[in-house]
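Here is the structure we will look at, set down as C-alpha cells.
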Amino acid sequence: MVKNKTIFVLIGSASQNSANQNIIDNLAKLMQVNFHFMVCPDLKTLPHFDPELSSSNPPEQIIELRNKIEKADGIIICTPEYIFSIPSGLKNVIEWCIATTVFSNKPTGLITASASGEKAHEELQLIMKTAMAKFSIETTLLIQGVKGKVNEQGQITDKNTLENLTKFANAFCTLVDNN
C-alpha cells in the first residue's frame, strides 16, 4: 500500500464551494492515510493558452504548474459539465501541458460530477488518453445529479455515490501503487 504520496488535483468548476470541490474533499478524507492532496489554485488566474509560448517561453505560472504535475505521484481531475463539454479553465490547463510529457504515463483519476455529465466525461477521457495519461475504467467516475447527492455541509448523502467513490479511491490507490 502506498504511503505519503502526493496527488495533484485539478477542479474544473469555476464556482466557489462547488459540488466538485465537495467531492474532492470527501475523496481526500477517504484517502488521507496514503495520500496528500495538493489542489491546483484557482484556474481562472492562469493565462490563456498561447501555442507560440507553450514550448519555447511559457509563463512562470505555467512552468510551476507543469512542475507540480510532473512531480506528483498521481493526478485527479474532477469537473462539471458546461454546455456538454469540460469547462474552459480546465481545458486551458490541459492545453498548456499538451506540448510536454507531464501527463504521459501519469496515474490519473477522472471524475465528472454534474447534472448529466456524459459528454464531458467522454471528452475528458479522450483528451487525457491523447495526453497519454494512465487511467482505467475503474479510475473514472461519472456522478450524475451531483447537487442532489451532496448536502450543504459538503457531505455525500447518497449511499451509491459514496460506495462508487470508495471503489474509485481503491482503484486509484492501486494504480498509483503499481506505477
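The values are calculated or read from the model by the stated rules, or taken from the named source; none is laboratory data. Model, not experiment: these values are computed from the prediction. Positions of Cβ are generated from backbone atoms using ideal geometry, with glycine treated the same way; all protein chains shown enter the neighbour counts.
Applying a threshold of 7 Å to beta carbon distances and a minimum spacing of six or more residues, or different chains, the list of pairs starting in the stretch 138-152 at a residue that is under 15 Å from residue 119 (Cβ atoms) and ending at one that is among the polar types (S, T, N, Q) and in a loop (DSSP other than H, G, I, E, B) reads 144/116. Every condition in (1) modelled with pLDDT under 95; (2) surrounded by 19 or more Cβ atoms within 10 Å (Cβ to Cβ) holds for residue 26 except the one numbered (1). Determine whether the stretch 134-152 contains at least one residue that is outside any helix (DSSP H, G or I), at pLDDT below 95 and either within 18 Å of residue 37 (Cβ to Cβ) or among the acidic types (Asp, Glu) (or both). Looking for residues that are outside any helix (DSSP H, G or I), at pLDDT below 95 and either within 18 Å of residue 37 (Cβ to Cβ) or among the acidic types (Asp, Glu) (or both), one finds at least one in the stretch 134-152, hence yes.
Within the stretch 50-74, restricting attention to residues that are in contact (Cβ under 8 Å) with a residue 24 or more places away in the chain and acidic (Asp, Glu), the residue that is surrounded by the fewest Cβ atoms within 10 Å (Cβ to Cβ) is 70. Restricting 33, 9 to those that are under 18 Å from residue 165 (Cβ atoms) and at pLDDT below 95 reduces the list to 33. Among residues of the stretch 32-88 being of a type in the set (A, V, I, L, M), over 13 Å from the mean Cα position of the chain (by Cα) and part of a helix (DSSP H, G or I), the one that is nearest to residue 143 (Cα to Cα) is 65.
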